[in-house]
1. Find the residue count for region 1-36, including only residues that are in a loop (DSSP other than H, G, I, E, B), at pLDDT 85 or above and of a type outside the set (Ser, Thr, Tyr).
2. Considering region 37-63 alone, what residues qualify as being part of a strand (DSSP E or B) and either among the acidic types (Asp, Glu) or at pLDDT below 95 (or both)?
3. Has region 66-76 got any residue that is assigned to a loop (DSSP other than H, G, I, E, B), at pLDDT 85 or above and either touching a strand residue (DSSP E or B) at 6+ places or on another chain (Cβ under 8 Å) or of a type in the set (D, E, K, R) (or both)?
Amino acid sequence: MSFFYEGASGEMVTIGDILSCWQTFNQTNSLAFVIPIADIDPSDGGTVEKHSYDNGTNESKVVHYKVINSGHNWFGSAVNIDI
């Protein structure tokens, strides 16, 4: 199965659907605490946000790092080195 951030027709689900599944499984808060990650290389054009769904069962949480304006890249690549 493939994953696109906003989903697509066919068998592809959204990242939101995946997060919701894990929030339900871990019984976390339904709203995320969003923290911008320091933009250590402003010239790459991309930024990162940390979305944390806290207060789950046994202190579990669901954490999602949302990469904005960097396309599909490996973390730490020359394209976006913020995370």
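1. 4
2. Matches in region 37-63: Ile37, Thr47, Val48, Glu49.
3. No: region 66-76 contains no residue that is assigned to a loop (DSSP other than H, G, I, E, B), at pLDDT 85 or above and either touching a strand residue (DSSP E or B) at 6+ places or on another chain (Cβ under 8 Å) or of a type in the set (D, E, K, R) (or both).
The values are calculated or read from the model by the stated rules, or taken from the named source; none is laboratory data. All values reported here derive from a predicted model rather than from experimental measurement. Cβ coordinates were reconstructed from backbone atoms using ideal geometry, including for glycine residues, and neighbour counts include every protein chain displayed.
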